[in-house]
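Rule-based calculations on the coordinates, nothing more; no lab input. It should be emphasised that the depicted structure is a prediction, and the values quoted were computed from it without experimental measurement. Reconstructed Cβ throughout: ideal geometry from the backbone, glycine too, with neighbour counts over all protein chains shown.
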Amino acid sequence: MIPVSALAVSLGRLRLPNPVLVASGTFGYAREMAGLVDFRRLGGIVPKTVTLNPRAGNPPPRTAETSSGLLNAIGLDNDGLEYFLANHLPWLSSPEVGCPVILNIAAKSAEEFPRMAARVKGLPGIAALELNLSCPNVAGGIDFATKPDLCRAVVASARDACPDLPLLAKLTPNVTSLVEIAQGAADGGCDAVSLVNTFLGIVIDWRRKKPVLGNGMGGLSGPAIKPLALRCVWQVARAVNVPVVGIGGIATIDDVMEFIVAGASAVQMGTVNFYNPTAAATVIDQLPEALATLGVHTMAEAVGLAAKTWQPLA
């Protein structure tokens, strides 16, 4: 029998009770899921992205279903950092939640990241910061994660502003070489990289001769992107010496374990929360059996097993 303690994982300095987190933008600020989910069982919660100042977001329509996926262009609609700290963080820090909270922050300039990091320095209730360097549906949203040097500088500035708080860098797949960007984040001092944010896409209403989304393009998530996200995790985990958090189309225990053996130390479940908010809890219940199937006793032993055992055919 595999004990619950064996499910714990580490992302650099960040210790999680298990590897299953809920992704930013899909779980609200967690209050919306109260009564449906026992938060204390989760590996962690990544609340909806917060920016320094309030943002109205993009014009509607903001979402569109696609084949096996969801296209969204929300545009980081939120009430700003100070509102979050005053109105959401106290509840997220309460025993009612009882799991690690990773604050996801985004910025319109490189200078805003260290400013926000410094503002939350030392505040109770925040286990780590996830730097959203990769939102594809706001102007300049992926600028910080398209060049290794720029990514390194932004991560380093946030780390210097808040040295005691673990940092995750959430990266975009919409680049030529994700490995180089991830290396830049690692060189900047991040504790882990979150891979990946959504893939840039568009849906066209041909009868009306216009894009469906009010913003035109948006970010594609859900099962359609899973093989692509898995490839990103596989490549980065094998090339960059930093823990990886896998994101993209994860809905079942099989999805989770594919990312784990590919090299992810943890995962975030996103789009599935819209139609099955209890999916994360279900998967967590199934983790011990999955470890037993692999013949290992801890989650740490399962990380990267495929990369360690597989050899390409000559």
- Query: For region 129-152, how many residues are in a helix (DSSP H, G or I) and in contact with a Gly (Cβ under 7 Å, 6 or more places away or on another chain)?
  - Reply: 4
- Query: Within the group Ala117, Ala158, which residue is within 15 Å of Leu103 (Cβ to Cβ), buried (at least 24 other Cβ atoms within 10 Å of the Cβ) and touching a Leu at 6+ places or on another chain (Cβ under 7 Å)?
  - Reply: Ala158
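Yes/no matrix, rows are residues, columns are (1) surrounded by 15 or more Cβ atoms within 10 Å (Cβ to Cβ); (2) out of contact with any Pro (no Cβ under 8 Å at 6 or more places or on another chain); (3) closer than 25 Å to Pro19 by Cα:
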residue	(1), (2), (3)
Arg55	yes, yes, no
Ala73	yes, yes, no
Tyr83	no, no, no
Ala86	no, yes, no
- Considering only region 238-281, state which residues are assigned to a loop (DSSP other than H, G, I, E, B), crowded, with 24+ Cβ neighbours inside 10 Å and hydrophobic (A, V, I, L, M, F, W, C). Ile250, Ala264
- Item | Residue tally, condition touching a residue at least 40 places away in the same chain (Cβ under 8 Å) and either farther than 24 Å from Leu230 by Cα or assigned to a loop (DSSP other than H, G, I, E, B) (or both), over region 175-214 | 9
